[in-house]
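The values are calculated or read from the model by the stated rules, or taken from the named source; none is laboratory data. Here the structure is a predicted model, which means the values were calculated and not measured. Every residue, glycine among them, receives a Cβ derived from its backbone with ideal geometry; neighbour counts consider all protein chains shown.
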Amino acid sequence: MDVAEFVKPDIDYSTLAPELVLLVTVVIVFAVDLVSERNKALLGTITGLGLLGAIVPVLLMAVEDRGLRDLFDGAYVVDDYALVLKALFLVSGYVVVLLSMNYVAEGDYWEGEYYVLLLSSILGMTVMASARDLVSIFLALELLSIPAYMLATWRKRDAKSNEAGLKYYLMGVFASAIMLYGMTLMYGISGSTKLTDIAEFTGGSFAGEPIVSLGLVFIVVGFAFKVSAVPFHTWAPDTYEGAPTPVTAFLSVASKAAGFVALINLVLIGFVGTEDVYQPLFFVLAALTMTVGNLIALRQTNVVRLFAYSSVGQAGYMLAPLAVAGASDEARADSIGALVVYLLIYGAMNLGAFAVIIAVARKTRSGETSSFGGLFEYAPGLTVVMTVFLFALAGIPPLGGWFAKFVVFRAVVLPGTGLGYALAVLIAVNSVIALFYYARIAQLMWMQPVPDGDRSPIRVPPSLTGALAICCIVTVLFGVAPGLVGDVGQFARLSLAL
Amino acid sequence: MDTFLEEWGPTVAVFAPMLGAAIMLCIPKEAEELHKLVSLVTSLAVFGVLIAIALEFDYGAAGDLQFTTNVPWISAIDVRYNIGIDGVSLPLLLLTGLIVPLVFIYSWHHLPTPHNPKAFLILILVLETGMVGTFVAQDLILFFVFFELVLLPMYFMIGVWGGEDRMYAAIKFFLFTAFGSALMLVAFLALYFLADDPTFQITELPAEVAGISRTAGLFIFGGMFLGFGIKVPMFPFHTWLPDAHTQAPTQGSVILAAVLLKLGTYGFIRIAIPILPDAAREWAPIIGGLAVVGIIYGALGCLAQTDMKRLIAFSSVAHMGYTMLGIATLTDFGLNAAVMGMVAHGLITGMLFFIAGSVKDRFHTLEIKRLGGLLVTAPRMGWMLGFCSMASLGLPGLAGFWGEFPAILAAYNPADGLNEVVFRVYMVIAAIGTVFAAGYLLWLLQRTAFGTPKDEWTGHEDELTDVGRQEWLAWTPLLVLILVLGVFPQLIFRMTDGGVIQALRGVTELAAGGG
């Protein structure tokens, strides 16, 4: 057998700068944690600075218009689409750090390891944004998942948290295995791990072969676990409820976004020409996910579980554009743009809602929705921002969520197919169902009395205030001037419709 | 000055309330008088701008958009900040501009519990931005955003300041209207993508979508029908209305009745009919049918009510039925009547809800059988109630007549291509509806205003005061206008006529083409 001689690849380190900064931060946090026993408070700050530092090269690359940068023979691509997503992961990671600071310090949990794992997971996500090759996708996936399994069990003295982590771990590994099998099939038909090479076979000489469909279904099912699509969502509510709330926020936003990014990369780049298979598959997944997620959310009394199911429902809206993505190249680019825009806005609203949940739980020590009763009487500021996040999630203009819904509607209606219109109507019906449970929380806060009559004010630590401010400003800004994020979505479509 | 008004007038009218609300956010909660003052001044400024626009308005070209501004808003998806005013929007703008300051005057001493003037008045200002914005928007997405903007403030107004069953009423109102508007948005997007040259501009769309298939047109019209029809509300989507009205605070009821319901009917005239004349013609018999069912159902509903506010709410269902019947005829006669009906209903029903609110303030109940002898305890208020009931039942010489009678008459001779027999049947049913209207309104008057006060009120005579100073201030303009428009309906018709002819251009061309 002819074994090619190893050639050292030419690495453009400036392209890898965000990842390198994260890596250095990991090392620093580790070192500081080892050396210093007293300065635990420093760890969160360093982590936050590291994440902000990693955004700098992302911005520089976005400003410096050099078009496509690819490394490792096209296995690792940095284009505008990847940069937008990296920025999303880094900023939402930063917000999660802000959410975690007091939570981890006051809960007497290991701090150094917490931030190291969080950073590693974010590192995996930034890699995922650029991965265009089966191996790098799998590497990124494991890098972002394994730390997350451990983070979910961080409330180590609580059986529920242990259950959360174990369930997440078992389900996650199971999903990885299924997906890996799909990937081997893809490699088997094409002899290459590069997505663009694979696309030539799936849409070319292997078009219509059952093995392609099999590989596709395995991969989609694997990631359906990751994005908690029904019927592969069963881990999500238990994990979300048991995990520390900042970690839940992280899982429901960043980890889910990473799953969607992998889906986009694999299916829309690697499986070109198989729309007959993936469109119906995503249609069923999207329809089931939004309907089941929203209906079950109606019955929840625990606020974190409610948001777990609401985020399942939201995942359904995000899956919807994929169900029509194969109609034309334009539709493909448009669904990717819609999905990315949705992820950006959803990240801001959902992280914001979790920030309020964490702030309220600091006082009430309760996860029940009833603990929000009469919040307006003693925490009017928190009530107003929570109202903003709730109705943004429900998609009421002029708050950010309406534009996210709008681009999804736009993407599914664009190809003019019956399936697309059916999905649009389904999303409309689901928005109303979702509105009911979001409005119910608003109702509790504004219109109900305080359950235990304790009207002492909530002390919100500065880091949480910062997180709330970031999320609230982003949510409102995207609603009033959606041009900002609209153009961002445009980037995404341009660089993929190459 | 004129060019400033020309370029900036409508924009100022839309966003001045937001500016006022922003100022009020910075004022501490305790400065209640200041909050009242700022909100009143802001709304008067808006009204002033709208009056100036009305004075500058070129009535000879009422069919054309005037005072236009058209700049890109979200260029990535082709959405523009495109606003303008024509003969259909002008009377509704003036109505909005008038009602809001009156509500603020009334609120001076009539704030509902829980007392929180800052939040309450800010919500009304946000509502005003939504209402004015909807009436000037000429871009579908801009229209949608303003149309939805009114939901949140109204939800909180009913839910926080409402009556006993306020939470149920608030969420019902919210869910019904949100459902309609979600489907409406899908319809708008479908229009956009099916257009020859995709656009959201309301004025350009009729030409661009002229070629779409019949089925697509019918479905898209159906989506808009749900969005607008729920807002009107048309039978059978009306069930949110009595609950919302009964539970809302007086100010909320007045704004809801006077302006919010008109957003739906306005949507038909501004968007649905001009853009899809073909589908409108096929839907017209259904709309007309539901309209007359609404007239009779609303009237029968009124007869069964024991609560004064709920009765007025059901009478709204009936009155909006006349408006929708006028629209369904697709004639300029009918549409003129519809716009007139909207304005008249806004003035009259708004006034009735004001009176109901004041009655509630004094008697602490609106149960009709416990009221009575209003003419004895508070004679002026009793007379006002009588006056408004007469106007509401369509007495000639008062504003209500010009909304009802021409709408019925228009059904005698609907647009070409519509089935005359069907519409004449509608006409007869609608005419019977006026008899019912006289019935329930006179019955209401008889049971609340006539007779002697019930025994339970003896000893409470001091509390049952007559119309107070704030009430006079807030109500006189409405009472005067009801009379003036009754005598000179031409004041409204000369604005609307050009506008409705423009709105019906598509229908007229279809008929001329032998369609």
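What to note about this one:
- Helices (runs of 4 or more DSSP H) enclosed by region B:453-515 - at least 2 residues per element that are over 27 Å from the mean Cα position of the chain (by Cα): B:505-512
- Boolean, B:Thr42 is part of a helix (DSSP H, G or I), in contact (Cβ under 8 Å) with a residue 60 or more places away in the chain and not aliphatic (A, V, I, L, M): yes
Conditions tested, residue by residue: (1) touching a residue at least 12 places away in the same chain (Cβ under 8 Å); (2) surrounded by 19 or more Cβ atoms within 10 Å (Cβ to Cβ); (3) among the hydroxyl-bearing types (Ser, Thr, Tyr).
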site	(1), (2), (3)
B:Leu478	yes, yes, no
B:Leu483	yes, no, no
B:Gln490	no, no, no
B:Met495	yes, yes, no
B:Val500	yes, yes, no
B:Gly506	yes, yes, no
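This table checks each residue for (1) touching a Lys or Arg at 6+ places or on another chain (Cβ under 9 Å); (2) part of a helix (DSSP H, G or I); (3) surrounded by 20 or more Cβ atoms within 10 Å (Cβ to Cβ); (4) modelled with pLDDT of 95 or more.
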| position | (1), (2), (3), (4) |
| --- | --- |
| B:Ala54 | no, yes, no, no |
| B:Gly60 | no, yes, no, no |
| B:Gly63 | yes, no, no, no |
| B:Thr68 | no, no, no, no |
| B:Pro72 | yes, no, no, no |
| B:Gly84 | no, no, no, no |
| B:His109 | yes, no, no, no |
| B:Pro112 | no, no, yes, no |
| B:Leu121 | yes, yes, yes, no |
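- Checking the stated criteria, A:Val21 turns out not to satisfy the condition of being in contact with a strand residue (DSSP E or B) (Cβ under 6 Å, 6 or more places away or on another chain) and of a type outside the set (Ser, Thr, Tyr).
- For region A:360-374, a residue qualifies if it is touching a residue at least 40 places away in the same chain (Cβ under 8 Å) and surrounded by fewer than 24 Cβ atoms within 10 Å (Cβ to Cβ), and the qualifying residues are A:Val360, A:Ala361, A:Arg362, A:Lys363, A:Gly367, A:Glu368, A:Thr369, A:Ser370, A:Ser371, A:Gly373, A:Gly374.
- Condition check for A:Ala82: modelled with pLDDT under 90, closer than 18 Å to A:Ala355 by Cβ, touching a helix residue (DSSP H, G or I) at 6+ places or on another chain (Cβ under 9 Å) and among the aliphatic types (A, V, I, L, M): no
Conditions (1) assigned to a helix (DSSP H, G or I); (2) of a type in the set (Phe, Trp, Tyr), marked per residue:
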| site | (1), (2) |
| --- | --- |
| B:Pro396 | no, no |
| B:Phe423 | yes, yes |
| B:Ala431 | yes, no |
| B:Phe450 | no, yes |
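- When region B:359-380 is limited to residues that are touching a helix residue (DSSP H, G or I) at 6+ places or on another chain (Cβ under 6 Å) and assigned to a helix (DSSP H, G or I), the one that is surrounded by the most Cβ atoms within 10 Å (Cβ to Cβ) turns out to be B:Leu374.
Residues are listed down the side, and each one gets a yes or a no for (1) among the basic types (Lys, Arg); (2) under 22 Å from A:Leu343 (Cβ atoms); (3) surrounded by 14 or more Cβ atoms within 10 Å (Cβ to Cβ):
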{"site": "A:Lys8", "(1), (2), (3)": "yes, no, no"}
{"site": "A:Ile11", "(1), (2), (3)": "no, no, no"}
{"site": "A:Leu22", "(1), (2), (3)": "no, yes, yes"}
{"site": "A:Ala31", "(1), (2), (3)": "no, no, no"}
{"site": "A:Leu49", "(1), (2), (3)": "no, no, yes"}
{"site": "A:Ala54", "(1), (2), (3)": "no, yes, yes"}
{"site": "A:Tyr81", "(1), (2), (3)": "no, yes, yes"}
{"site": "A:Ser92", "(1), (2), (3)": "no, yes, yes"}
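- Within region A:151-168, the set of residues being surrounded by fewer than 18 Cβ atoms within 10 Å (Cβ to Cβ) and either hydrophobic (A, V, I, L, M, F, W, C) or under 14 Å from A:Asp238 (Cα atoms) (or both) comprises A:Asp158, A:Ala159, A:Lys160, A:Asn162, A:Glu163, A:Leu166.
- Tally, over region B:2-29, of residues that are farther than 10 Å from B:Val49 by Cβ, out of contact with any helix residue (DSSP H, G or I) (no Cβ under 8 Å at 6 or more places or on another chain) and touching a residue at least 12 places away in the same chain (Cβ under 8 Å): 1
- For B:Ala76, the conditions (1) assigned to a helix (DSSP H, G or I); (2) under 30 Å from B:Thr250 (Cα atoms) are fulfilled apart from (2).
- Taken over region A:404-415, residues that are more than 13 Å from A:Met318 (Cα to Cα) and touching a residue at least 12 places away in the same chain (Cβ under 8 Å) amount to 2.
- Set B:Ile158, B:Ile141, B:Ile122: member being over 30 Å from B:Pro28 (Cβ atoms), touching a residue at least 12 places away in the same chain (Cβ under 8 Å) and out of contact with any Ser or Thr (no Cβ under 6 Å at 6 or more places or on another chain): B:Ile141
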